[in-house]
1. Between residue 116 and residue 223, 0.36 nm times their residue separation minus their Cα-Cα distance comes to what?
2. With every protein chain left in place, what is the accessible area per residue of segment 102-299 in square angstrom, probe 1.4 Å?
3. Assuming R0 = 41 Å, what is the FRET efficiency of residue 128 and residue 293, from their Cβ-Cβ distance, to the nearest 0.05?
4. How high is the relative contact order of segment 102-299, in percent, counting Cα pairs under 8 Å that sit 6 or more residues apart?
5. Under 1.5 on a/c is rounded, so check that first for segment 160-298, then, if it is not, pick prolate when a/b is larger than b/c and oblate when it is not; a ≥ b ≥ c are the square roots of the alpha carbon gyration tensor eigenvalues.
6. Where the centroid of each part is defined by its Cα atoms, how far is segment 139-212 from segment 214-292 in Å?
7. Using a 1.4 Å probe on the protein chains only, how many percent of the accessible area of segment 216-301 belongs to carbon and sulfur?
8. State whether segment 108-227 is rounded, prolate or oblate according to the following rule on the C-alpha gyration tensor (a ≥ b ≥ c being the square roots of its eigenvalues): a/c under 1.5 gives rounded; otherwise a/b larger than b/c gives prolate, and the remaining case gives oblate.
Amino acid sequence: MARSRSCLWRRRPSWRTRCSTGSRPRSRRRRGEPAGRRRPDARSRLPRADALRGRERAHARTCDARRGHPRPGFRPSRGAGGRRRSRGREPSPDPAAKGPEVATGPQIAEAPDLETLAALVASCTRCTLHESRKNPVFGEGAADARVVCVGEAPGAREDETGRPFVGRAGGLLDRLLLSIGLPRKSVYICNVLKSRPPRNRDPLPEEVAACSPYLLRQLALIEPEVIIAFGAFAARTLLETKSALGRLRGTVHRYSGYPVVATYHPAALLRNPGWIRPTWEDLQIVRRMLDGVGDREARGG
Ligand code: SF4
């Protein structure tokens, strides 16, 4: 009978003479040898002989089973010798069953242009918001804009259209920007989050953490002179503070080295028309910075 390749006995040269078939060696009595003091042999010199005897028994059971001759009543155990090990490699997973690849931080940070970055956002699954969004809202505007407007997250209209700041709030934003001599297409408009949170709830910290690399890369590619943070959430997120928007307004702050001016969100202005004047005053700071008058303010941020 051919020996099993997996037979444990073959791996012990000193045992080969006693296990020519890979089966359990016969006892001394069955070999016709007298009982009594045992011959000094290789086995007797092995350490932990008791433990090895238990292993022999376990191995003998497995070895019989592997050769296709299980003993009556044999059931592979989960013990040392009874464990069945798979032969060969595990079957590789079906590539078609793999989900979409998640954009990694280095991929985002090394995106060479806004189009590449937008493609990463379009297939992004870095947070759970991708499950409920209709369209990602990457941002739009001039790639060399001097001003970047940053809002909180897409709303229902933005989610439908895939464009930031549309609808009535978007129209008001356009008029506010025009009041400081900036047509919409001369600036870049985006949000902290690129996917809409369900029912416009506040973004969660983990969603902000997952999405922030996109905003950082957008800013690095555009290199604006000023960032306008529209709304308390955008301002608090960019400035990493919990201060009220009222305390953040009227001063130039910094985000990753870029000057930041915080002001009210256009949607809030629709509900509170009394805030339009303070917002216009905040935008005058931006105008002065673009004209080079506000350098001292920016340095002091
Ligand atoms: S919110 Fe940002 S991180 Fe989350 S799925 Fe959308 S693009 Fe990806």
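The values are calculated or read from the model by the stated rules, or taken from the named source; none is laboratory data. As the structure is a prediction and not an experimental result, all values here were calculated from the model. Heads up, the Cβs are rebuilt from the backbone with ideal geometry, glycines too, and the neighbour counts pull from every protein chain shown. Just the protein is used for accessible areas: all its heavy atoms, side chains included, with ligands, DNA and RNA removed. Shrake-Rupley method; radii C 1.70, N 1.55, O 1.52, S 1.80 Å.
1. Contour length minus Cα-Cα distance gives 36.8 nm.
2. 46 Å²
3. It comes out at approximately 0.35.
4. After rounding, I find 22 percent.
5. Judged from the Cα gyration tensor, segment 160-298 comes out rounded (a/c under 1.5).
6. Answer, in whole Å: 12.
7. Answer for segment 216-301 is 47 percent, counting heavy atoms of protein chains only.
8. Note, shape of segment 108-227 comes out oblate.
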